[in-house]
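Accompanying notes for the structure given below.
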Amino acid sequence: MQLSNIKVIVISIANPILVGIYENDILINTIEKEGKTSDILPSIFEQILLKYSVNDIFYVNGPGSYMAIKIAYVFLKTISIVNKINLHAVSGFEFNNNSPIKALGKKYFFRDSSDEHNIIIDFLEQNVIEGFKLPEKFINIPYTDNVLPEYNLPAV
């Protein structure tokens, strides 16, 4: 008998907040809620932790809403310590087909085409962005165990 391996992906850098629950790398449940990260994540995780024995949490640590990233990090880091769950970080570009991600005003974050680790902030004239989407299978998603937020702040 194979034991279930439960993974949770949290995309909180845009509205709606997306949370995917994966059992043995297959998406089995999607939670999508509008609202502030600080209001939404606690209620979502209360339900998840009552129903599932989670092994790993993956959260988008940037780029995106600075406040949402900070709140998600503090909340999920606490959950991971208290419940002995592994916490990992993933770039938001992994869930929107490398589309620009809203920064501030008409500015957007772009992944540099010559160096995927380099993030560029620039204006976007036309709205050609893709929304975030959870993959059906948790396969080949690059992540890191360096879970600190990556704010990608522009120089002042």
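Values in this text are rule-based calculations from the coordinates and carry no lab data. Every value quoted in this text rests on a predicted model; they were computed, and no experiment measured them. Quick reminder, even Gly has a Cβ in these numbers, built from the backbone with ideal geometry, and neighbours come from all protein chains shown.
Once amide H atoms are placed 1.01 Å from N in the peptide plane, what residues at a sequence separation of 5 or more from D25, or on another chain, have their amide H within under 5 Å of its amide H?
K7
On the principal axes of its Cα set, how long, how wide and how thick is region 6-97? Give whole Å, largest value first.
Projected onto the principal axes, the Cα atoms of region 6-97 cover 29, 28, 22 Å.
Which pairs, out of K7/K106; K36/K77; K33/K107, put more than 29 Å between their alpha-carbon atoms? Please list the in-between numbers first.
On the way: K7/K106 34 Å; K36/K77 18 Å; K33/K107 25 Å.
Going by Cα-Cα distance, K7/K106 fall outside the 29 Å limit.
Could you tell me the convex hull volume per residue, in Å³, taken over the Cα atoms of region 55-138? List each step's numbers first, then the result.
Working: hull volume 8.6 nm³, N = 84.
Convex hull volume per residue, Cα atoms: 102 Å³.
With θ set to phi - 60°, apply the Karplus curve 6.51 cos²θ - 1.76 cosθ + 1.60 along region 35-49 and write out the HN-Hα couplings as whole Hz, x wherever there is a Gly or Pro.
Ordered by residue, 3J(HN,Hα) equals x, 7, 3, 5, 8, 7, 4, x, 5, 5, 6, 4, 5, 4, 5 Hz.
If you plug each phi of region 92-103 into the Karplus form 6.51 cos²θ - 1.76 cosθ + 1.60 with θ = phi - 60°, what whole-Hz ³J(HN,Hα) values come out, in order, with x for Gly and Pro?
My calculation for region 92-103 gives x, 5, 6, 10, 9, 6, 6, 6, x, 10, 4, 9 Hz in order.
I'd like the FRET efficiency for S53 and K133, computed as 1/(1 + (r/R0)^6) with the beta carbon distance as r and R0 of 22 Å, rounded to 0.05.
Working: r = 26 Å, r/R0 = 1.18.
Between S53 and K133 the formula returns 0.25.
Quick one: which of 97-107, 15-25, 115-125 comes out on top by average Cβ neighbours within 10 Å, and what's the full order, highest first? Numbers along the way, then the final one.
Details: 97-107: 15.6, 15-25: 18.5, 115-125: 12.3.
With the highest mean Cβ count within 10 Å placed first, the list reads 15-25, 97-107, 115-125.
Near the amide H of H88, under 5 Å away, which other amide H atoms are found, from residues 5 or more places off or on another chain, if H is placed in the peptide plane?
Under 5 Å from the amide H of H88: I57, F58, Y59.
Any idea which of Q126, P42, I85 is furthest toward the positive side of the dipole for the chain, if Lys and Arg beta-carbons carry +1 and Asp and Glu beta-carbons -1?
P42
Just the ratio, please: alpha-carbon radius of gyration of the chain over 2.2 N^0.38 Å, N its number of residues.
Values: Rg = 15.5 Å, N = 156, 2.2 N^0.38 = 15.0 Å.
That ratio works out to 1.03.
Helix-derived [θ] at 222 nm for the chain: sum -39500 (n - 2.57) over DSSP H runs of at least 4, divide by residue count, nearest 500?
Details: 2 runs with 33 residues, N = 156.
-7000 deg cm²/dmol, from helical runs alone.
Calculate the FRET efficiency for S113 and E23 from the Cβ-Cβ distance with a Förster distance of 30 Å, rounded to the nearest 0.05.
Working: r = 35 Å, r/R0 = 1.18.
After rounding, the FRET efficiency stands at 0.25.
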